[in-house]
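Notes follow the structure.
The values are calculated or read from the model by the stated rules, or taken from the named source; none is laboratory data. Nothing here was measured: the structure is a model prediction, and the numbers come from that model. Using ideal geometry, Cβ is built from the backbone for each residue, glycine included, and neighbour counts are taken over all protein chains shown. SASA here: full protein model, heavy atoms, side chains in, ligands and nucleic acids out. Shrake-Rupley method; radii C 1.70, N 1.55, O 1.52, S 1.80 Å.
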Amino acid sequence: DGGITQSPKYLFRKEGQNVTLSCEQNLNHDAMYWYRQDPGQGLRLIYYSQIVNDFQKGDIAEGYSVSREKKESFPLTVTSAQKNPTAFYLCASSIQGRLAGGHNEQFFGPGTRLTVL
Amino acid sequence: AQKITQTQPGMFVQEKEAVTLDCTYDTSDPSYGLFWYKQPSSGEMIFLIYQGSYDQQNATEGRYSLNFQKARKSANLVISASQLGDSAMYFCAMRETAGGSYIPTFGRGTSLIVHP
């Protein structure tokens with residue numbers, strides 16, 4: 001079955017530690033995205049990638065880093081510089097980021113809930 | 001200014017009744033797309049329905065329909081014959097083509113609870 005997997009489902013981090021959230025897709029999608037969701041908030045874009053070896057900052061990129069070495073993988077590292085990292089993190093992909101017209105809807109993974117102890 | 005506004009933090013509906021979830025948007029781009037997603041308590045976002053700004057007819061997908069009023073800049077989601085499994089958060093999103101990013105912007109969501 002095609003889809004997006006995120007691991008782990010729950011992650012606990014001590015203050016000052018970096019942690020990496022995994023996101024893998026087998027949908028052959030070009031574009032991938034990372035969002036952060038806080039209670040009562042919509043989704044806020046952290047980083048996105050339209051193509052392998054290229055990515056752009058979203059609205060709240062500070063304290064986060066990403067890589068896109070393979071089409072199917074887009075890991076997110078939450079660094080110690082992120083002041084308030086406790087949140088729900090969602091990874092998504094779409095056929096193309098720049099496809100004008102048509103649905104081009106995003107497909108989402110199950111999410112990772114990160115808690116800083 | 002918010003690009004997507006969902007004014008109803010929470011909605012309640014009786015099973016088998018219809019419910020409308022409101023969404024208004026703000027854009028000067030003539031070409032844009034509107035999406036609705038469902039987020040159950042498990043957390044995964046599920047795509048429900050899409051409306052393009054140039055589509056002449058309102059989009060429908062099974063029990064979901066989108067009441068698209070372009071002049072009012074509203075894109076309300078209508079769920080007919082509500083089911084208990086419809087209880088979830090619902091998010092409206094808009095993708096603009098101007099500026100070249102094509103990244104959707106999400107509203108804050110509406111929590112829907114379906115009562116038996």
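Just a few scattered comments:
- Environment charge at residue A:116 (Cβ cut-off 9 Å; Lys +1, Arg +1, Asp -1, Glu -1): +1
- Calculated on alpha-carbon atoms, Rg and Dmax of segment B:12-105 in Å: 13.7, 43
- Evaluated with a Cβ-only charge set (Lys, Arg +1; Asp, Glu -1), chain B carries a dipole of roughly 160 debye about its Cα centre, given to the nearest 20.
- Carbon and sulfur %, accessible surface of chain A computed with the full protein complex present, 1.4 Å: 49
- For segment A:47-117, the solvent-accessible area with a 1.4 angstrom probe is 47 square angstrom per residue.
- Cross-link partners of residue A:83 among lysines (Cα-Cα below 28 Å; sequence separation of 8 or more within a chain): A:9, A:14, A:57, B:3
- For segment B:1-98, the fraction of 1.4 Å probe accessible surface lying on carbon and sulfur atoms is 49 percent.
- Phi-derived couplings, Karplus 6.51 cos²θ - 1.76 cosθ + 1.60 at θ = phi - 60°, listed residue by residue for segment B:34-43: 10, 10, 10, 10, 10, 10, x, 4, 5, x Hz, with x used for Gly and Pro.
- Burial of accessible area (probe 1.4 Å, heavy atoms of protein chains only) in segment B:71-116, relative to its chain alone, reaches at least 40 Å² for B:95, B:102, B:103, B:106, B:108.
- In units of the rule-of-thumb radius 2.2 N^0.38 Å, segment A:7-117 shows an alpha carbon radius of gyration of 1.03.
- At least 10 Å² accessible surface lost relative to isolated chain, residues of segment A:44-65 (1.4 Å probe): A:45, A:48, A:50
- Nearest-20 debye value, the protein assembly as shown charge dipole, Cβ charges on Lys, Arg, Asp, Glu: 400
- Computed with a 1.4 Å probe over protein heavy atoms only, the accessible surface of segment B:18-116 comes to 42 Å² per residue.
- Only Lys, Arg (+1) and Asp, Glu (-1) charged, at Cβ; segment A:1-110 dipole about Cα centre in debye: 260
- Rounded to the nearest 100, the interface formed by chains B and A buries 1800 square angstrom of accessible surface, both chains summed, with a 1.4 Å probe.
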